[in-house]
Amino acid sequence: MKTINLLLSTFLLGASAISNAQTIVLPYVPGTTTEGVTYYLPKTELSITVVATCITQHPGELNSYAGRYLKLNNVVKETVRNWKIDNIQITPYGVPDTSKVYSIPLKKATIAPLVSLTKSGIILSINANSEEEKIILDPKIHKTESNKLNSKDYMSQEILYAGSINKMAELTANEIYDIRESRSDLTKGQAENMPKDGEQLKLMIQQLNQQEEALLQMFKGSEEKETKSYTFTFTPSKNLKKEILFRFSEEYGLVEPDNLAGEPIYIDITDLKTIPAEQIDPKKKKTDEQAVRYNMASDANVKIYSRANKYIDITTPIAQFGRVEVLSNELFNKRTSTQVFFNQATGTLSKVVEDNSNK
């Protein structure tokens, strides 16, 4: 990310010439606005990240013999996929609101020596050097885990060259029983060739467990676990109730809102109207109309849920649910060098630091 720092002090006169100086900010009009520092106030967008996991069960080659030789019932007969939402995260962030663009003219009477902007032109601070906050809007998550072993690596030559699938199943089952008997003898201390120490015993048991699992997978099958993230942007513009955000299928994962293969995942957005009513002052000075603008954001409640689960229930400020206010020009007269900081996501005032050292 890049922060643009614009030094305007070059355009200032001496102290005698700026005794009544003010920072003048005008609505930006392309082609008519005088040369100056143009900045945007942001509107708030929501980056929504859905993290979901799919467990895929793969059938074993000998699944039809699991009940006969190993008394295993309900083993997987065909590939089964089961997607599940792990969590949903919301990250509010600011983008330039093209309906709220203003300009600070480079006039000799202007006393705003430093303006920091984001790379996209959103105002960050006045009279202070601010860095643009780095926000990861697309956290890539994609990992796959599998417990599948190569069963043939653990088969004897007799099993590999069995004349039929039935014979292979019988021999494999017998091998599993032999492994279990050997492990039992080891744990009871009754094996013919007992290991010399505990570490060697532990290693031998681990090897037997792995061999058994590899052969068992021929009957009961194996599992593969895949975790993925899906990130998209949502722009709040009004109150919403039970709006379909996306759909989610146990077989296919996240699908489009119009894909009826998935269950609907809803979003509610409610403007909590947390800002005070605007006071209209008929005696408002014209100079106030040329002051620095900032957003007064209203809090909104955001919920994301399905029929069975609630994933998100948060309160966050939304710039477009509020209104634009002006900063007093008295903050930028010759007696002070006030530092003003703005919230990057909402355009609200984060901090105002007044330096009266020049009084």
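The values are calculated or read from the model by the stated rules, or taken from the named source; none is laboratory data. Treat the numbers as computed from the prediction; the structure is a model and nothing was measured. Here the Cβ positions follow ideal geometry from the backbone for every residue, glycine too, while neighbour counts run over all protein chains shown. Remember, those area values only see protein heavy atoms, side chains included, never the ligands or the DNA or RNA. Shrake-Rupley method; radii C 1.70, N 1.55, O 1.52, S 1.80 Å.
This table checks each residue for (1) at pLDDT below 60; (2) open to solvent by 20 Å² or more (accessible area, probe 1.4 Å).
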{"residue": "2", "(1), (2)": "yes, yes"}
{"residue": "13", "(1), (2)": "yes, yes"}
{"residue": "17", "(1), (2)": "yes, yes"}
{"residue": "24", "(1), (2)": "no, yes"}
{"residue": "37", "(1), (2)": "no, no"}
{"residue": "81", "(1), (2)": "no, yes"}
{"residue": "115", "(1), (2)": "no, no"}
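Out of curiosity, is residue 47 open to solvent by less than 20 Å² (accessible area, probe 1.4 Å), in contact with a strand residue (DSSP E or B) (Cβ under 9 Å, 6 or more places away or on another chain) and within 30 Å of residue 315 (Cβ to Cβ)?
When the stated conditions are applied, residue 47 passes them.
Considering only residues that are in a strand (DSSP E or B) and aromatic (Phe, Trp, Tyr), which ones fall in region 35-85?
Looking only at region 35-85, we keep the residues that are in a strand (DSSP E or B), and these are 36-58, 80-85.
Selection gives 39, 40, 83.
From the set of residues in region 59-79 that are open to solvent by 60 Å² or more (accessible area, probe 1.4 Å) and not basic (Lys, Arg), which is farthest from residue 324 (Cα to Cα)?
Narrowing region 59-79 to residues open to solvent by 60 Å² or more (accessible area, probe 1.4 Å): 61, 64, 68, 71, 73-74, 77-79.
Narrowing the set further to residues that are not basic (Lys, Arg) leaves 61, 64, 73-74, 78-79.
Details: 61: 68, 64: 70, 73: 67, 74: 64, 78: 60, 79: 57 Å.
Restricting to residues being open to solvent by 60 Å² or more (accessible area, probe 1.4 Å) and not basic (Lys, Arg), the top hit is 64.
Helices (runs of 4 or more DSSP H) wholly in region 133-224 with at least 3 residues that are surrounded by 12 or more Cβ atoms within 10 Å (Cβ to Cβ) - which ones?
Numbers: elements: 157-160, 165-188, 198-220.
Counting at least 3 such residues, we get 165-188, 198-220.
Please indicate, with yes or no, whether at least one residue in region 106-116 is under 30 Å from residue 295 (Cα atoms), more than 34 Å from the chain's Cα centre (by Cα) and among the polar types (S, T, N, Q). Full working, then the answer.
Our first condition is that a residue be under 30 Å from residue 295 (Cα atoms); within region 106-116, this holds for 106-116.
The next check asks that each one be more than 34 Å from the chain's Cα centre (by Cα); those that pass are 106-113.
If we keep only those that are among the polar types (S, T, N, Q) too, we end up with 110.
Within region 106-116, one or more residues are under 30 Å from residue 295 (Cα atoms), more than 34 Å from the chain's Cα centre (by Cα) and among the polar types (S, T, N, Q).
Residue-wise test of (1) under 21 Å from residue 342 (Cβ atoms); (2) in contact with a Lys or Arg (Cβ under 9 Å, 6 or more places away or on another chain); (3) at pLDDT below 95; (4) of a type in the set (Val, Ile, Thr).
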| site | (1), (2), (3), (4) |
| --- | --- |
| 257 | no, yes, yes, no |
| 265 | no, yes, no, yes |
| 282 | no, no, yes, no |
| 299 | yes, yes, no, no |
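Mind listing whichever residues of region 322-338 are part of a strand (DSSP E or B) and modelled with pLDDT under 75?
In the first step, residues of region 322-338 are kept if they are part of a strand (DSSP E or B); the result is 322-326.
The answer is none; no residue qualifies.
Might you let me know whether region 159-179 holds any residue that is touching a residue at least 40 places away in the same chain (Cβ under 8 Å) and under 47 Å from the mean Cα position of the chain (by Cα)?
yes
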